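This report concerns only the one structure given below.
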Amino acid sequence: MPDQASFRTSFGACCGAEFVVSRTGEAYDARARSPNRKFPLIPGQAKHLRLTSSRGHARLILKALVSPHVRSVLLLLMIVAVAVLFRFAALSHIPPGVFSDEALNGNEGIHAWRSRDLKVFYPTNNGREGLWINLIGISESILGTNALGLRSPSAIVGSLTVFCLYLLAAELWSVRTGLLSAWFLATGFWHVALSRMALRAIAVPLLLTASLCLLFRSMRALDTKSHSRSALLAIFGGFIYGLGFQTYIAYRFTPFVVLALFWVELQRHRKLAKPTGPWVRVFTLWVGAAVAAALPVGLYFLNHPSDFFARAEQVWIFAEPNPWIAFGQGLLPTAGMFNIKGDCAWLYNLGCSPQLLPPIGLLFVLGVGLSLRRACREGALARADWLLLVWFLVMLLPTLLTGGPSALRSVGALPPVFILVGIGAEFVLQKLANRSTAYHLMLAAFIATGGIEAYRYFFLWGNDPRAAYEFDASRVAIGRFLNSLPESTSRYVAFSRNDDDIRIPYDTSDGRRLPLPISAETVLFETQGHPAPTFLYEEEVEKTTLPTGSVLVLLQPDPKFYSRLKAGPKLKVATTGEITYATVE
């Protein structure tokens, strides 16, 4: 093949253009004198193109006209589409049930929306920041009080996180690192599982990633003397960062990441002999906007300091007799959660599987080594690597300070983990760049991990009875059974006074306030929009006159309960599916 091939097509004729392709992979109009008319192809690809047919000509023109930027955008759109598919597919029935914490968020969210009483902080269930619950209420008002309305905010936020992770990785490393990182996050079991649960923790990766990305873009705008654009990006990014303090308790560790970034950036400016004043002003704008966004919950905690510490005091290691021993005992399990043994809670993981698929876990280790080497060699000039390593370590503290691996509490470490995976994958592809077959096989293997993760989540985990148990599938069945009864039928749910479940205050129709077990929230969620059941303590069944034809169900299954009754209404016990119930005769 000659060094360059020239050809004319109907497209070129109508446009008055004659395309020339060189071995370097550039296609351009031979009649144009401006170098801006060049269209770079994938490096090394042009010499493999065949120009002996019109089909080859068309393919060459297509590759000539589609720039690397356009190709990157198309790939990103495909990755985001896959992320959306992973997070919305079968969302109504996978996860297989409605976990009680999710149900409480849904019940309080829709109540707050209907009563127009959106709170900054909800004190029940050990206390929760209100932003996420309020978003769930808005979603339920649009999509209904069902699994889709309950979990759609999480699925949307999870999908946006994939997009923002690409932007941050592409900003600080390379476009290919961004695409690889986004792909592994889009399909990774860990993030997919959390993106399909109605828990506020899923907001942490998005808000932190988006806010830091905007901060770095603000700095870049400052370098190009676009001061007004820089200020706007800083304010917007800071506001997004501040919203995070209204989401999940682990977000309170993020100021350590921000302080480390500030210090490294100052050292970088000094090494490059750049003035620090403009950067400090941008950072001040970013922090000021963050304080404004966090102000509502900050004022709440100022007036209710016990709520700020309540949950942490229950779970952290400093409540134990020897906290530092507990901390040391958690170090190795936490370090091994990515490649050896992960979170064993079926709510968030497939048994005790590592948080990363084995091949991806190896890429993560490689990425850590590469970033650590650059950070040590280049010092503050490797600000991106320092940010990544500090971010990763700091956001593991919520797990370390509570005694062991937790997929939920380490949610803030998700972005740096998958960027490190992307860095490792980029390094492998670079090493194989001159070996076409090996390069494409490795790329195919990376893509195939998405299929493996889909199988693990939707087929293995989604159909496992242990996951159904953790997601209170039996209480969902109770709620749906009660909904199937005629509206005129009185319905009662009996629960134990002595179980150790978390209690949630519940106002009954007769004016009583009962401390219901949190597991009852799943039944209440399922019966939204239907006649609400009346809740009784188990010992009250014998003392209560139940109407004839009414139905009684136990919240906690107990096969011997009905046989132990010595007084009270005459009951006819029956079973439908997995539900044992009694009808008053």
Yes/no for ARG377 being in contact with a Lys or Arg (Cβ under 7 Å, 6 or more places away or on another chain), in the same structural domain as ARG176 (by TED's automatic domain parsing) and more than 29 Å from ASP101 (Cβ to Cβ): no
Total residues in segment 286-312, condition in contact (Cβ under 8 Å) with a residue 60 or more places away in the chain and closer than 11 Å to PHE239 by Cα: 2
Index of the failed condition, TRP279 passing every other in (1) over 30 Å from GLU313 (Cβ atoms); (2) buried (at least 19 other Cβ atoms within 10 Å of the Cβ); (3) under 29 Å from the mean Cα position of the chain (by Cα): (3)
Candidates VAL297, VAL264, VAL258 - the one that is part of a helix (DSSP H, G or I), touching a Lys or Arg at 6+ places or on another chain (Cβ under 9 Å), crowded, with 17+ Cβ neighbours inside 10 Å and of a type in the set (Val, Ile, Thr): VAL264
Some residue of segment 200-220 being aliphatic (A, V, I, L, M), in contact with a helix residue (DSSP H, G or I) (Cβ under 8 Å, 6 or more places away or on another chain), surrounded by fewer than 23 Cβ atoms within 10 Å (Cβ to Cβ) and closer than 25 Å to PHE262 by Cα: yes
Test result for LEU393, in contact with a Pro (Cβ under 6 Å, 6 or more places away or on another chain) and outside any loop (DSSP other than H, G, I, E, B): no
Only one of ILE518, ILE502 that is aliphatic (A, V, I, L, M), in contact with an Asp or Glu (Cβ under 6 Å, 6 or more places away or on another chain) and closer than 23 Å to GLU108 by Cα: ILE518
Segment 546-564 residues that are closer than 14 Å to GLU578 by Cβ and in contact (Cβ under 8 Å) with a residue 60 or more places away in the chain, paired with ones that are assigned to a loop (DSSP other than H, G, I, E, B) and among the hydrophobic types (A, V, I, L, M, F, W, C) (beta carbon under 8 Å, 6 or more apart): none
Segments classed as strands (runs of 3 or more DSSP E), wholly inside segment 455-544, with at least 2 members that are of a type in the set (Phe, Trp, Tyr), crowded, with 17+ Cβ neighbours inside 10 Å and modelled with pLDDT under 95: 491-495
Enumeration of residues in segment 172-192 that are crowded, with 24+ Cβ neighbours inside 10 Å, assigned to a helix (DSSP H, G or I) and not β-branched (Val, Ile, Thr): GLY178, LEU180, SER181, ALA182, TRP183, PHE184, LEU185, ALA186, PHE189, TRP190, HIS191
Of the criteria (1) out of contact with any Leu (no Cβ under 9 Å at 6 or more places or on another chain); (2) at pLDDT below 95; (3) not hydroxyl-bearing (Ser, Thr, Tyr), which one LEU208 fails: (2)
Unique match (being surrounded by fewer than 23 Cβ atoms within 10 Å (Cβ to Cβ) and under 17 Å from PHE256 (Cβ atoms)) among VAL368, VAL411, VAL394, VAL428: VAL394
Residue in segment 439-450 that is farther than 24 Å from ALA81 by Cβ and in the same structural domain as LEU160 (by TED's automatic domain parsing) present: yes
Which numbered condition GLN329 misses (of (1) surrounded by fewer than 16 Cβ atoms within 10 Å (Cβ to Cβ); (2) not in a helix (DSSP H, G or I)): (2)
Hits in segment 308-319 (condition: over 14 Å from GLY404 (Cα atoms) and surrounded by fewer than 16 Cβ atoms within 10 Å (Cβ to Cβ)): PHE309, ALA310, ARG311, GLU313, GLN314, ALA319
Odd one out for ILE447 among (1) out of contact with any helix residue (DSSP H, G or I) (no Cβ under 8 Å at 6 or more places or on another chain); (2) loosely packed, with under 15 Cβ neighbours inside 10 Å; (3) over 17 Å from PHE99 (Cβ atoms): (1)
Residues of segment 140-155 that turn out to be part of a helix (DSSP H, G or I) and either touching a residue at least 40 places away in the same chain (Cβ under 8 Å) or surrounded by 24 or more Cβ atoms within 10 Å (Cβ to Cβ) (or both), as a count: 10
Qualifying residue in segment 143-157 (condition: farther than 28 Å from ILE502 by Cβ, of a type in the set (D, E, K, R) and in contact with a helix residue (DSSP H, G or I) (Cβ under 8 Å, 6 or more places away or on another chain)): no
Cβ pairs under 8 Å, 6+ apart, first in segment 341-357 and over 20 Å from SER100 (Cα atoms), second surrounded by fewer than 19 Cβ atoms within 10 Å (Cβ to Cβ) and among the aliphatic types (A, V, I, L, M): PRO354/ILE340; LEU357/ILE452
Only one of VAL297, VAL315, VAL291 that is within 18 Å of ALA250 (Cα to Cα) and modelled with pLDDT under 90: VAL315
Any hit, segment 429-442, residues being over 27 Å from PRO95 (Cα atoms), of a type in the set (Val, Ile, Thr) and free of Cβ contacts under 8 Å to residues at least 40 places away in the same chain: yes
Residues of segment 357-381 satisfying the condition of being touching a Ser or Thr at 6+ places or on another chain (Cβ under 8 Å) and either closer than 14 Å to TRP173 by Cβ or not in a helix (DSSP H, G or I) (or both): LEU357
Among (1) in contact with a strand residue (DSSP E or B) (Cβ under 7 Å, 6 or more places away or on another chain); (2) part of a helix (DSSP H, G or I), the one test that GLY137 misses: (1)
Residue ID - surrounded by the most Cβ atoms within 10 Å (Cβ to Cβ), chosen from residues in segment 545-568 that are of a type outside the set (A, V, I, L, M) and within 20 Å of SER488 (Cα to Cα): SER550
Test for LYS560: is it of a type in the set (Lys, Arg) and under 47 Å from the mean Cα position of the chain (by Cα): yes
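Which of the residues spanning segment 224-250 are aromatic (Phe, Trp, Tyr) and part of a loop (DSSP other than H, G, I, E, B)?
If the condition is that a residue be aromatic (Phe, Trp, Tyr) and part of a loop (DSSP other than H, G, I, E, B), then TYR248 is the only one that fits.
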Selected residue [touching a Ser or Thr at 6+ places or on another chain (Cβ under 8 Å) and more than 24 Å from ALA382 (Cα to Cα)] from LEU222, LEU148, LEU165: LEU148
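The values are calculated or read from the model by the stated rules, or taken from the named source; none is laboratory data. Predicted, not measured: the structure shown is a model, and the values here were computed from it. Reconstructed Cβ throughout: ideal geometry from the backbone, glycine too, with neighbour counts over all protein chains shown.
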